[in-house]
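Read the figures in this text as sums done on the coordinates, not as results from a lab. Keep in mind it's a predicted model, so treat the numbers as computed, not measured. Counting neighbours? That spans all protein chains shown, and the Cβs are built from the backbone with ideal geometry, glycine included.
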């Protein structure tokens with residue numbers, strides 16, 4: 001046990017260094033002055049280099065090898081396995097490459113903000129060229145080392161042990177189902193979704209207050225976390241210091257609210273991770289698909305359905321006045337309006353998977369080398385037209401809308417849709433195992449829901465692989481039919 | 001030159017690591033949730049350890065030795081000398097001690113916030129005990145190594161090359177002058193300082209707006225800096241990302257304004273440091289005495305005197321209405337009211353040095369080992385009574401008021417008063433060398449003032465030792481008489 005403990009201490013140090021990176025990253029998105037980006041890129045790149053050196057050192061290799069000889073319990077064994085997995089991932093890439101990639105993504109992210117604002121794809125491409133080149137290099141080095149495809153090598157960093165073959169299966173099933181289903185839903189809503197639109201002006205302060213009411217009821221711990229504002233909603237920080245953001249549109253309080261409840265789903269997962277392993281990989285979240293399943297369960301399964309809407313309707317009236325459009329029935333229709341739209345983060349839950357599938361196909365081709373940067377806009381627009389029937393008129397509403405590629409997060413997108421599928425499965429099981437769940441929700445009592453998530457998902461950290469975690473919690477594997485049935489029942493009945 | 005360039009690159013890396021620490025420190029004081037302090041202490045301590053290792057490595061020692069053999073220009077020589085000075089300071093202390101000190105001060109700072117709030121000295125003492133023990137250890141190790149007194153060894157980190165013998169001289173001169181002078185001023189003001197007190201309520205937003213107007217007129221670059229709120233005003237961040245704070249009292253807009261202009265003095269010094277050397281010690285500010293001279297010049301010499309008050313009076317009326325009490329004459333009296341008070345940061349410029357001298361004497365005794373922690377409150381209160389004629393009724397208004405000791409910054413306090421003295425000398429010279437300076441100030445034109453400071457102080461970085469910088473700029477050494485004459489002319493005429 002002696003070496004294992006030394007190993008854990010070593011890993012804890014890298015955890016704290018990474019957690020510094022998380023705070024810097026929050027800072028960059030929320031408070032950093034605009035001319036400080038170049039310095040921030042240097043800071044991040046040096047930090048990345050340090051962490052990379054520590055996580056690929058021969059000292060770590062020796063500790064891992066020696067710890068393997070020791071008598072460990074199951075959790076310790078899993079932790080050791082995860083440490084080694086991460087060690088292999090890190091060691092595959094040279095420190096120079098990791099640091100160069102960090103600097104390139106920092107600068108590309110800055111350029112992207114400007115380029116998106118100015119609808120300037122060629123300017124973005126100048127910076128993205130380097131990011132993609134390095135990302136491909138990383139993917140190919142890892143692929144060779146791990147005996148996987150280059151894309152799967154990247155995927156593994158976001159959704160551990162996931163193979164694109166599973167994603168292909170899920171996505172091709174969805175592609176068979178969704179386009180026609182979207183048609184049907186839109187037709188159905190022409191008759192059944194007559195609602196009063198929002199026309200007022202909703203102050204940022206009151207929108208924030210509404211969000212805080214939800215966060216408090218869901219159990220977010222404000223002594224160990226924050227709510228702020230940023231260009232894109234995100235959940236950042238560390239499990240001891242969880243920082244979520246949203247953005248406010250004074251004409252539409254639902255957008256900020258949905259941002260907040262989504263990120264609160266991530267945040268409470270973070271806050272409930274097992275404290276005793278917090279600095280170890282076994283105490284971290286079980287990858288981004290499980291993470292998105294938690295945020296999407298809260299946003300879509302909980303907050304876009306009647307029991308919650310019945311409850312929040314009263315609070316909306318408290319904030320913005322007792323108006324007709326804030327009635328639960330109207331809100332439910334408003335929130336669940338399905339439409340063909342350009343922006344992923346504003347998309348409804350029916351069309352959302354299409355946005356993801358388009359990105360998934362494009363990013364796979366980028367990594368395989370079959371798609372060049374200058375061909376991205378056309379590939380994007382063609383796919384939008386083919387699967388969603390609309391064609392973006394500019395880059396900003398098209399392939400320039402997301403931060404993921406500039407920040408070097410190729411392999412992340414599938415997590416959203418796999419997460420949405422799993423969310424429907426989790427919620428399906430919770431409804432069966434919690435007495436009167438939806439009555440409780442309607443009364444603003446979310447304890448049983450979050451306790452179930454805490455006990456079955458959050459507290460488990462990375463003790464189990466994502467698919468095993470799902471299986472243990474709901475008694476079965478990923479199942480697209482539950483998701484499809486949920487959509488059919490909700491949108492066509 | 002080959003090795004010198006390698007050396008600069010090496011030092012630049014430590015600069016970026018330290019700059020990460022600056023951002024974390026800002027974060028701790030401005031946005032960090034209260035339960036994240038323990039994690040932050042770990043982060044800071046690991047970062048400190050890394051920086052300490054890099055700044056005391058034999059690799060650095062070898063680079064320094066080799067660079068000394070190269071043909072360098074004067075600035076490069078000075079930079080090399082400063083690098084070596086810092087190397088010697090760092091190498092004197094083991095990494096374990098540096099890291100332990102960092103962790104102890106982080107935790108003590110947290111405990112202090114609570115203890116000050118609860119007026120609980122014994123609780124504070126529990127944490128400060130460790131800080132002081134380690135601070136003494138550090139001081140004694142350095143003293144032996146550098147052949148100075150332990151206190152001078154600490155002083156050197158804040159005001160390079162300063163000896164306490166100089167401070168003793170200045171402070172004993174002030175102690176002969178001030179107590180009686182304060183009596184006289186208070187008597188004089190009984191007759192000549194009849195003013196209307198502030199009675200209104202002044203919204204935080206408008207106070208902030210007023211502060212921003214000053215910052216903009218002074219030339220603060222908001223694209224490379226921020227203004228926020230914290231328990232104590234400070235100037236943090238990095239020269240590329242200068243972050244100042246203030247605190248708002250809704251009953252007193254002058255307090256937040258003076259906080260802002262003081263910190264803006266620091267901030268503009270940072271923003272004007274020589275860009276080409278920004279990652280090198282020769283490009284850093286010339287120590288905290290020069291730094292305080294810049295903030296105090298702005299706060300006291302500029303903003304507490306008539307020309308500025310004539311200008312700001314109009315802006316105050318714009319924000320808060322055209323009331324009698326916002327007339328320049330009344331404001332001038334209000335801002336320059338001298339009184340015996342407990343809190344240093346709220347003290348007027350006449351009594352302020354007394355607050356500093358008391359702290360200086362106590363911290364010297366703490367380091368020499370002549371004063372134990374439990375005896376601090378009595379030593380403090382006795383000195384306040386002796387020199388200022390008032391005795392604090394509780395710890396929070398007494399020895400618990402300042403963050404410096406809990407954060408391990410023993411040796412910093414004298415900089416405030418040496419800085420105030422130098423500020424009066426700089427301003428005295430500027431008045432002589434800028435045509436119609438005070439007419440320009442009255443018209444809101446601060447360009448000549450800040451250009452003089454930029455050319456003579458800010459742009460010089462650490463090319464000169466603090467006293468040489470002063471001498472070059474004003475043609476003479478530190479001179480207490482100019483300060484005393486300033487006070488006499490202002491407060492007794």
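Listing for the model above:
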| item | result |
| --- | --- |
| FRET efficiency, 1/(1 + (r/R0)^6) with R0 41 Å, evaluated for residue B:447 and residue B:492 via beta carbons | 0.80 |
| Sequence-separation-based contact order of the range B:402-475, relative, with Cα cut under 8 Å and 6+ spacing, percent | 28 |
| Point-to-point label distance, residue B:96-residue A:407, nm (Cα→Cβ direction, 7 Å offset) | 4.1 |
| Label-point separation in nm, residue B:119 to residue A:431, each point 7 Å along Cα→Cβ | 5.9 |
| Rg(Cα)/(2.2 N^0.38 Å) for the range B:180-287, N = residue count | 1.35 |
| Full-stretch length increase - residue A:163, residue A:203 - with 0.36 nm per residue and alpha-carbon distance subtracted | 9.9 nm |
| Other copies of residue B:204: label-to-label distances in nm, shortest first, labels 7 Å along the beta-carbon direction | 1.4 |
| Rounded to 10°, Cα long-axis angle of helix B:253-271 versus longest principal axis of chain B | 40 |
| Cα gyration tensor of the range B:95-193 - equivalent ellipsoid semi-axes, whole Å, descending | 35, 24, 9 |
| Extended-chain gain in nm, criterion 0.36 nm per residue less alpha-carbon gap, residue B:38 and residue B:73 | 8.0 nm |
| Neighbouring partner chain Cβ atoms per residue of A:23-31, average, 10 Å criterion | 4 |
| Net lengthening on full extension, residue A:370/residue A:62 (0.36 nm per residue, minus Cα-Cα) | 106.9 nm |
| Cβ-derived FRET efficiency at R0 35 Å, residue B:6 paired with residue A:212, nearest 0.05 | 0.10 |
| Relative contact order [Cα under 8 Å, 6+ residues apart], chain B, whole percent | 19 |
| Within 10 Å of each Cβ in A:35-44, the average number of Cβ atoms from other chains | 6 |
| Average Cα contact separation per residue, the range A:1-142, under 8 Å, 6 or more apart, as relative contact order % | 29 |
| At R0 = 41 Å, FRET efficiency that the Cβ-Cβ distance of residue A:317 and residue A:468 yields, to 0.05 | 0.40 |
| Separation of alpha-carbon centers, the range B:205-222 and the range A:155-197, rounded to whole Å | 50 |
| Simple label model, 7 Å out from Cα along Cβ direction - residue B:481 to residue A:346, nm | 7.3 |
| For the range A:119-133 and the range B:302-366, distance of Cα centres in Å | 53 |
| For residues of B:220-227, the mean tally of beta carbons on other chains within 10 Å | 3 |
| Along each principal axis, Cα extent of chain B, largest first, Å | 67, 52, 44 |
| Peptides A:169-179, A:131-141, B:234-244 ordered by average Cβ neighbours within 10 Å, highest first | B:234-244, A:131-141, A:169-179 |
| Rounded to 10°, Cα long-axis angle of helix B:414-433 versus longest principal axis of chain B | 60 |
| Global size of the range B:275-392 as Cα Rg and Dmax, reported in angstrom | 19.5, 56 |
| Cβ-vector label at 7 Å, residue A:275, separations to other copies in nm | 5.0 |
| Ratio of Rg to Rh over the range B:410-490 (Cα coordinates, Kirkwood Rh, two decimals) | 0.98 |
| Cα-Cα separations in the range A:1-108 greater than 15 Å, expressed as whole percent | 66 |
| Sequence of B:269, A:395 once ranked by neighbouring C-beta atoms within 10 Å, starting from the fewest | A:395, B:269 |
| With Cα atoms, 0 to 90° folded angle of helix A:37-55 axis to chain A main axis | 50 |
| Quarter of Cα convex hull surface for the protein assembly as shown, i.e. mean projection, nm² | 42.7 |
| Nearest-first distances (nm) between copies at residue A:161, label 7 Å from Cα via Cβ | 6.5 |
